[in-house]
Amino acid sequence: MGAWLLIGLVILYMGFLLIAPITALIKGAFEDGINPVLGSIRSEAFLKSLLLSVEIAVLVVGVQTIFGTLTAWVIVRHDFRGKGILNNVIDIPFAISPVVVGYMLLLLFGRNGFLSPVLEALNVKVAFAVPGMCLATLFVCLPFMIREMIPVIKGLDRQQELAAATLGANAWVNFWQIIFPQLKSALIYGMTLTLARALGEFGAVLIIGGGIQGRTETATLYIFRCLEERQFVQAYTMSIILGLFSVLIVVLADRIKHKVKFAD
Amino acid sequence: MKNNKKLISMCLMILFLLVSCSGGSQNNSANEVKLILGAYTTPREAYSQIIPLFQAFWLEETGQRVVVEESYLGSGAQSRAVINGFEADVVALSLEADVNRIQDAGLISHDWKLGEEKGIITTSVVAFAVREGNPLAIEDWNDLLQPGLEILTPNPSTSGGAMWNVLALYGAALRGKIDGVPGDDADAAQDFLKDVLTNVSVMDKAARDSIINFENGIGDLAITYENEVLVGRQSGQTYELVIPSSTILIENPVAIVDTSVDKHGNRAVAEAFVEFLYSEQAQEIFAQHGLRVVNDTVAEASKSQYPDVPDLFTVDYFGGWDVIMTDIFGESGIFTQAILDVQGGSQ
């Protein structure tokens, strides 16, 4: 009896928080049938903004996978002055509002920014261009990979590495044969989190990118613009696509994780 | 293991495709010219119709395809974005002061007010959006003092519309056009401004955000551009337009940003675009989207839609934008003081 009450409560809670808004979204998109939905998917602005979001997210995931793992490795395995500070600094992006992140980058890369003479000389555009948006997204996604990797690297069995080295494995072989397989599961989880966060970023990319249609408009900025223009079907459709994307990523990551475990 | 490799190679392939796609779309042939428009939020629907017409016009005139990149932000925010490095070729903003700011930063070097219309492309008036059937019987400024009334108006630090709203309200009070407020009495007018601000529940960052929030059910009344209400109604919204008996004529400027067009080498097309905005064709589209226009023929034809206001004043009443930016919105300006008092008092 008590168990049923508990289950009912959980279902009610999930239904209220998750299912109700998602249902409303789908209902809104298909209010006038499927044709407006298909029409909006085919529009150039729709595809361009989705593509830009995916490009930025893939780039950010790539960079964070490499540098995030490296950072975690250095923090766990090496001792150096200022390590404690570094360890704390990593969490700053959690604390700072993305809008502020965008503005900080403007102060650096804007026309009167500290770095503007350098950019001018190199003829590189960062503010109100895609590079700035990549930097902003990198910033807000910084902690995910590192925080995911630190405990796993800490938990690595060093005996195995030493044994492999004794048997003549060089550092390269040691990494790919011994260390990497143990990190894989955490790597995938970290990549999933980073990807989801990158796809969803709004405030920072709006400030540093300016939301220029066809150039610096990401999928989330597209949704925002469509709502302002009362193009509700387009906004809902993009929201559903982004949502499906995230679900797909999570499911895929979950399956790979299971396989990895199975193989072990 | 094998499956993972497949997945990774698939991901790499997708990445490669994406990168090559985006590279391919940036081919700048001689027959294509790019134009970047940085605008405020409310005339976006009008521009979405005018731009294709201009593209057709330019293609016929020169054989060149124009690619227009558009950005819409609150007028003040857009103006600061341009100063911060957003290389807009043409800015279409809500008010002169936002263009002046770009000029003061050294990005506009020509006299943009030289033309016949002094750089003004459209006009409007400050008005109210009220709920269907006007249940609270709001007819004029003094109705805004109803206790417990929830008013929406954007934030003057980012929104041009918000500045116009404050000027309309303060001006009407100063001119003695509001019942119970003596005319030519700066203190009484500022007190009236404070009383209205007390009823303001939400200050959004742009005029469009403000009216969309109103549509979503927040507040009893939105102070906004007349054209925002008309465009909202065109899209099926049921709120109603109320124009107060005394209000300000909103004048929206457009200007070419010299540093941008010089860098992009597209001055010719930028100038043609601005000229095109004054054409009868473009002005008609502005008129269809709730804006009052500067072209006499079109203004005459659309007169029935845009009633005369009994007491319509302009920024000249305050002595122009330079005076307004210090005396009203400056650090110790009338509005700045009023909002400090109201927000300080409510905490």
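Counted over chain B, the DSSP beta bridges are approximately 50% antiparallel.
Could you tell me which GluC sites (Glu not before Pro) in the range B:283-347 are loop residues by DSSP with no more than 10 other beta carbons within 10 angstrom of their beta carbon? Those satisfying the criteria are B:331.
Note on the protein assembly as shown: antiparallel DSSP beta bridges, both residues inside, total approximately 50 percent of the bridges counted.
For the residues A:122, A:227, A:47, a GNM of chain A with alpha-carbon springs under 10 Å puts the largest fluctuation on A:122. Taking the number of Cβ atoms within 10 Å of each Cβ as an exposure proxy, the fewest-first ranking of A:141, A:134 is A:134, A:141. The aspartates and glutamates within cross-link reach of residue A:125, meaning a Cα-to-Cα straight distance under 19 Å and a gap of 8 or more places when in the same chain, are A:55, A:217, B:69, B:70, B:87, B:89, B:258, B:262.
Say we join alpha carbon atoms closer than 10 Å with springs in a Gaussian network model of chain A; which of A:116, A:43, A:239 then has the biggest fluctuation? Looking only at A:116, A:43, A:239, the biggest GNM fluctuation is shown by A:43. Label separation (residue B:184 vs residue A:252): 7.4 nm, computed from points 7 Å beyond Cα along the C-beta direction. Cβ-Cβ distance of residue B:238 and residue B:296, R₀ of 35 Å, FRET efficiency by 1/(1 + (r/R0)^6): the value works out to about 0.55.
The helix-based estimate of mean residue ellipticity at 222 nm for the protein assembly as shown, built from -39,500 (n - 2.57) per DSSP H run of four or more residues and divided by its residue count, is -18500 deg cm²/dmol to the nearest 500. Take the alpha carbon gyration tensor of the protein assembly as shown, find the square roots of its eigenvalues, order them as a ≥ b ≥ c, and report rounded if a/c is under 1.5; if not, report prolate when a/b exceeds b/c, else oblate. In terms of gyration-tensor shape, prolate.
Applying the Karplus relation 6.51 cos²θ - 1.76 cosθ + 1.60 with θ = phi - 60° to the range A:39-45 yields 3J(HN,Hα) values of x, 6, 5, 7, 5, 5, 4 Hz, where x marks Gly and Pro.
Kindly identify chain A as rounded, prolate or oblate by the Cα gyration tensor criterion: order the square roots of the eigenvalues as a ≥ b ≥ c, call it rounded if a/c is under 1.5, otherwise compare a/b with b/c, prolate if a/b is larger, else oblate. Cα axes put chain A in the oblate bin. The range A:16-71 and the range B:280-347 have Cα centres spaced 39 Å apart.
What the Kirkwood sum gives for chain B is a hydrodynamic radius of 21.7 Å, with every pair of different alpha carbons counted.
If the segment from residue B:150 to residue B:64 were pulled out straight at 0.36 nm per residue, it would be longer than the present Cα-Cα gap by 25.8 nm. Positive contributions from Lys and Arg (+1) and negative ones from Asp and Glu (-1), summed over other residues with Cβ under 10 Å from the Cβ of residue B:112, come out at -1.
From the Cα gyration tensor of the range A:40-158, with a ≥ b ≥ c the square roots of its eigenvalues, which class applies: rounded if a/c is under 1.5, or else prolate if a/b is larger than b/c, or else oblate? The shape class here is oblate. Counting neighbouring beta carbons within 10 Å and listing from fewest to most, the residues B:264, B:289 come out as B:264, B:289. Here the residues B:66, A:74, ranked from fewest to most Cβ neighbours within 10 Å of their Cβ, fall in the order A:74, B:66.
Per residue of A:206-213, other chain Cβ atoms within 10 Å of the residue Cβ number 6 on average.
All of the numbers you see were taken from the coordinates with simple rules; none came from a lab. The structure presented is a predicted model; accordingly, all values stated were derived computationally and were not measured. Cβ atoms come from the backbone with ideal geometry, glycine included; neighbour counts cover every protein chain shown.
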